[in-house]
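What follows is a single structure, written as structure tokens, with notes after it.
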Amino acid sequence: MLIHVVQGKGRKDRYTTLSEVALTELRNYTKEYNPETWLFPGQNPKKFITERTVQRVFENAKMKAGIKRKVSVHSLRHAFNNTFVGRRNRFKVYTGIARLTRNSG
């Protein structure tokens, strides 16, 4: 599934993919927590979660999972790109996203 992210990193709008598993998890999350302003609010529900908080949560999860390798939240982006998109399909996906972005105004 292709989703439109509004005002993401750098306050830019982007298109990206979302797996069916992730969509199901997001639906479960929104049913349980019912976020109002932000999908992932910070301690103050009127403000978004900070990048540093995401990094801390990731580090804690990494420790609990017993992962010793040096990885970061940013490395997830590269893992997604290399694993999900794949080398053969990467150009097709990027071209399609670029077309959608240009045509969305």
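The values are calculated or read from the model by the stated rules, or taken from the named source; none is laboratory data. Just so it is clear, the structure is predicted and the values come from calculations on it, not from any experiment. Ideal geometry is used to build each Cβ from the backbone, glycine not excepted, and the neighbour counts take in all protein chains shown.
Quick check: is even one residue across the range 52-64 modelled with pLDDT under 90 and either out of contact with any strand residue (DSSP E or B) (no Cβ under 7 Å at 6 or more places or on another chain) or of a type in the set (Ser, Thr, Tyr) (or both)? Working first, answer last.
We begin by selecting, within the range 52-64, every residue modelled with pLDDT under 90; these are none.
Looking through the range 52-64, none of the residues is modelled with pLDDT under 90 and either out of contact with any strand residue (DSSP E or B) (no Cβ under 7 Å at 6 or more places or on another chain) or of a type in the set (Ser, Thr, Tyr) (or both).
What tally of residues in the range 5-39 results from selecting those that are in contact with a Ser or Thr (Cβ under 9 Å, 6 or more places away or on another chain) and either within 17 Å of Arg77 (Cβ to Cβ) or at pLDDT below 85 (or both)?
4
Out of everything in the range 17-76 that is of a type in the set (S, T, N, Q) and in a loop (DSSP other than H, G, I, E, B), what residue ends up being nearest to Val6 (Cα to Cα)?
Taking the range 17-76 as the starting set, the residues that turn out to be of a type in the set (S, T, N, Q) are 17, 19, 24, 28, 30, 34, 37, 43-44, 50, 53, 55, 60, 72, 75.
Cutting the leftovers down to in a loop (DSSP other than H, G, I, E, B) gives us 19, 34, 37, 43-44, 50, 72.
Values: Ser19: 18, Asn34: 19, Thr37: 13, Gln43: 22, Asn44: 21, Thr50: 17, Ser72: 24 Å.
Per the stated criteria, the residue is Thr37.
Within the range 29-53, which residues are of a type in the set (S, T, N, Q) and under 16 Å from the mean Cα position of the chain (by Cα)? First the steps, then the outcome.
Step one: of the range 29-53, the residues of a type in the set (S, T, N, Q) are 30, 34, 37, 43-44, 50, 53.
Passing the criteria: Thr30, Thr50, Thr53.
Are there any pairs with C-beta distances below 7 angstrom linking a residue in the range 37-57 that is of a type in the set (Ser, Thr, Tyr) to a residue that is part of a loop (DSSP other than H, G, I, E, B), with the two at least 6 apart or on different chains, and if so which?
Partner pairs satisfying both residue conditions: Thr37/Pro45; Thr37/Lys46; Thr50/Gly42; Thr53/Gly42.
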